[in-house]
Amino acid sequence: MDVVFKEIIKKWSTHDHKDKSYNEKQLTNLLYKQKIELELVEHALQEYDMYFERVKRYLFFPKWNLLMRDFPSWFDIVENKMEGLEKAFIDEAHAIEDDNAKLWIMAKVKRSIKNSNYGFLYEAVISLPDGISTPSQEGIPINLWWKDVPQNNNVRGVYLAYYRRQSTMIFRLSHELSEAHLNTVFRFKPKPIDFLKGVKNRFKASYMMPSNLTHKLFYKTDFLEYSSNKINTEDSRLNLSQNEAVNRVFNQNITFIWGPPGTGKTYTLAKLITKACCQGLSVLAVGISNASIDVLGLEIIREFDNYSASSKKIINERKLLRFGYPVLPEIVNDNRLYPDKALVDHLRKDYATVLKVLRNDHGLSLEEKAMARNKQFILKNEIKQINQKRIREATLVFTTAAQCFIGDDFGNKTYDLVVIDEVGMMPLIQTLTMAGFSNDKLVVAGDYKQLGPISMGRTEAVDNWFNKDVFEYFKDVAGFEENMTVMLTEQRRMHPEICDLVNTRFYSGKLTTCYTSDFEEIGLFNHTLATPYCFIPVGPKEGSVVRSTEGRSRVNARTSQIVSDIVEHILINNTNINIGVITPYNGQVTQIRRLLNSKRLSKEQLHRVKTGTIHAFQGSGFDMIIYDIVDNSEKNIGMLYKGFQGERLLNVALSRAKHKLIIVGDPKVFSMTDDLQEVSKKLRSFMVELRMSAYQLGIESMPR
């Protein structure tokens, strides 16, 4: 929730102001004690404009009925859980159907991939708004609009995958795009309404059965059960905390695996999934994206190929099914993961042929059109039946969570073990509903200290059920940490001193390090960077100026120049290092990429650097991370740095670094007076630590 908007309504709802109309400057004066600047007030009024009516064009007056409906707790109105959840579904559906221009995402086709049995596939470069980690759940419909293309400018397609590092998405269309479409910028908007209905319907069906795990978890009652016979699952390849996690899974019905960066969460999940399949359990493994589930899939395949004779038999007999839209070549090309592949490909090819006939129906008689429509219906039903058969007969199905709710391929199928990965990014209600696919065991795995879920709705009900994760939902349950949660504690990614920056701040000092050093010394202009991390102070006195863009992002010309110069120097002088450049703002990403492309760097050198927002780096690691803070002490702090979100973003940014971390920014950036306490103490303490650190490189060492 926007704390500024809440403060405005809180002040406005008092007895002296409730019946009055105000403009932006008057509201700023009313909030003088909170030291909220005019720009923030204007931003809040614009973001939440549906809650205000205009009086004489320049005055605002709150729509109190709407506010009390959508933010009941602000007015001490108490709703029961089911009322709040029902309202959350309604509000999210309204937000999905809203054609507000702010919800459309800019994109441009990068390349045509191929004409497959699925249709026509394209890759497009996209520009996500600040603070958004992904366009939407993968596998859902999208609307595409080419403003400057005269014909066929409104198209419906399917969003298949998002590559965070490249800021590109894969989408599918039923027909081929023209040259005009390929060369023109377009906008698109996800339309996950059918997915939302699927979650709602599955939740209601599960909720009605008191014995169902969804029902028990929703009410937080009588859900934890222990196995009557103790099972020994110790594996010499796993460390202490990883063994504890696997042991919990096989000796109780619900296990939360908290996997901080570099602690081997994916490795551990692959081990327990393989072990479960070899013990005769049916398993459903899901993730939030096709890329993440494919990464887990690669680890699973390696384990099945090497664990035992029975695991080799399972995979070679095609009892593993990768359902949905695989994106990694190793997964796409492994035919063992696609039972009945020849039949499915044949049906899809016939279906694509029928669609082509129906698109070019000029000259067809009514009878011929009717016959084509009938064949389309028959083929669609045959594809559905074969998919249901594949799902029913597989020992392990791994797919995105969204696929479980799109269409009815899964029907009423349940599994002995359900594993939900990247659960920190999954909306709470979706996780609770996924639990209903389990008839025995549930594993939820992720890191709730990193990026969280996203939604389209802005109401309190949506915030409670779509913007929160399952770890947060259960934190107040007695015995949750002791009896249900296992934290993986041995990290192998970060240098110990880089790890210390996040360990004490976000993980209560519980992480231990098993680290292999590399790139111990790196030349940086006239210096040798021998320390694992380095802070380069760049404040207003050093030319740091923060400017807002038309797209409501932020840029800092001075820090972008410094960052691009550092990247250029290191790439030229180090032939095998890979670098990640991280910043919170898309505007700064664009500026840094432009500067790097203007430098004399080869394609190979440019290939070794990835520049993106913090959201683009979730789940990845680089030899060196350069973190550009962008904001400074002369301009109000951007919304991305405020509250728990700010902590999550900082944690992701720092924990991507393996061997070297360079932080560029104003040392006083989080030291401004903040009566609303919007900036976390953890962010403030981080900047204090940098200011006091001996690991600094002065601005005078940087080229101008």
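Here are the numbers for the structure shown:
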item: Residue within the stretch 350-369 that is among the aliphatic types (A, V, I, L, M), within 18 Å of residue 409 (Cβ to Cβ) and surrounded by 14 or more Cβ atoms within 10 Å (Cβ to Cβ) present; result: no
item: Neighbours by Cβ (under 6 Å, 6+ apart or cross-chain): first from the stretch 371-385, within 10 Å of residue 347 (Cα to Cα) and in contact (Cβ under 8 Å) with a residue 40 or more places away in the chain; second among the hydroxyl-bearing types (Ser, Thr, Tyr) and open to solvent by 70 Å² or more (accessible area, probe 1.4 Å); result: none
item: The stretch 389-403: number of residues that are β-branched (Val, Ile, Thr), in contact with a Lys or Arg (Cβ under 9 Å, 6 or more places away or on another chain) and under 11 Å from residue 322 (Cβ atoms); result: 2
item: Test: residue in the stretch 104-116 that is at positive phi, open to solvent by less than 40 Å² (accessible area, probe 1.4 Å) and at pLDDT 85 or above; result: no
item: Residue list for the stretch 236-271, filter: hydroxyl-bearing (Ser, Thr, Tyr) and either over 29 Å from residue 405 (Cα atoms) or open to solvent by 10 Å² or more (accessible area, probe 1.4 Å) (or both); result: 236, 241, 263, 266, 267
item: Residue match in the stretch 460-467 (condition: buried (at least 17 other Cβ atoms within 10 Å of the Cβ) and part of a strand (DSSP E or B)); result: no
item: Tally of residues being open to solvent by less than 50 Å² (accessible area, probe 1.4 Å) and aromatic (Phe, Trp, Tyr) across the stretch 681-697; result: 1
item: Residue check, residue 378 open to solvent by 40 Å² or more (accessible area, probe 1.4 Å) and part of a loop (DSSP other than H, G, I, E, B); result: no
item: Test result for residue 233, of a type in the set (S, T, N, Q) and open to solvent by less than 10 Å² (accessible area, probe 1.4 Å); result: yes
item: Where a residue in the stretch 52-68 is at positive phi and its partner, wherever it lies, is modelled with pLDDT of 90 or more and loosely packed, with under 15 Cβ neighbours inside 10 Å, with Cβ under 9 Å and at least six apart; result: none
item: Filter result (under 27 Å from the mean Cα position of the chain (by Cα) and either of a type in the set (S, T, N, Q) or loosely packed, with under 14 Cβ neighbours inside 10 Å (or both)) within the stretch 144-164; result: 145, 156
item: Count of the stretch 490-517 residues which are free of Cβ contacts under 8 Å to residues at least 12 places away in the same chain, open to solvent by less than 60 Å² (accessible area, probe 1.4 Å) and at negative phi; result: 1
item: Strands (runs of 3 or more DSSP E) contained entirely in the stretch 149-204, each with at least 3 residues that are under 21 Å from residue 291 (Cβ atoms) and at pLDDT 90 or above; result: 154-163, 168-173
item: Some residue of the stretch 479-489 being surrounded by 22 or more Cβ atoms within 10 Å (Cβ to Cβ), in contact (Cβ under 8 Å) with a residue 24 or more places away in the chain, in contact with a Lys or Arg (Cβ under 7 Å, 6 or more places away or on another chain) and in a loop (DSSP other than H, G, I, E, B); result: yes
item: Residue within the stretch 445-454 that is without any contact (Cβ under 8 Å) to a residue 60 or more places away in the chain, open to solvent by 10 Å² or more (accessible area, probe 1.4 Å) and not basic (Lys, Arg) present; result: yes
item: Qualifying residue in the stretch 605-620 (condition: open to solvent by 20 Å² or more (accessible area, probe 1.4 Å), more than 22 Å from residue 162 (Cα to Cα) and not in a strand (DSSP E or B)); result: yes
item: Residue, farthest from residue 40 (Cα to Cα), within the stretch 528-569, restricted to residues that are buried (at least 23 other Cβ atoms within 10 Å of the Cβ) and more than 30 Å from the chain's Cα centre (by Cα); result: 538
item: Odd one out for residue 630, checked against (1) open to solvent by less than 10 Å² (accessible area, probe 1.4 Å); (2) at pLDDT 90 or above; (3) at negative phi; result: (3)
item: Residue tally, condition closer than 26 Å to residue 619 by Cα and open to solvent by 60 Å² or more (accessible area, probe 1.4 Å), over the stretch 277-331; result: 6
item: Some residue of the stretch 46-60 being out of contact with any strand residue (DSSP E or B) (no Cβ under 7 Å at 6 or more places or on another chain), within 21 Å of residue 635 (Cβ to Cβ) and assigned to a helix (DSSP H, G or I); result: yes
item: Odd one out for residue 274, checked against (1) among the polar types (S, T, N, Q); (2) surrounded by 19 or more Cβ atoms within 10 Å (Cβ to Cβ); (3) farther than 26 Å from residue 431 by Cα; result: (3)
item: Condition check for residue 589: surrounded by 15 or more Cβ atoms within 10 Å (Cβ to Cβ) and either assigned to a strand (DSSP E or B) or in contact with a helix residue (DSSP H, G or I) (Cβ under 6 Å, 6 or more places away or on another chain) (or both); result: no
item: Qualifying residue in the stretch 192-201 (condition: buried (at least 16 other Cβ atoms within 10 Å of the Cβ) and over 21 Å from residue 438 (Cα atoms)); result: yes
item: Filter result (more than 13 Å from residue 663 (Cβ to Cβ), in contact with a strand residue (DSSP E or B) (Cβ under 8 Å, 6 or more places away or on another chain) and touching a residue at least 40 places away in the same chain (Cβ under 8 Å)) within the stretch 525-544; result: 544
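The values are calculated or read from the model by the stated rules, or taken from the named source; none is laboratory data. In this text, all values refer to a predicted model and were calculated from it rather than measured experimentally. Backbone-built Cβ (ideal geometry, glycine too); neighbour counts: all protein chains shown. With ligands, DNA and RNA removed, areas are computed over all heavy atoms of the protein, side chains included. Shrake-Rupley method; radii C 1.70, N 1.55, O 1.52, S 1.80 Å.
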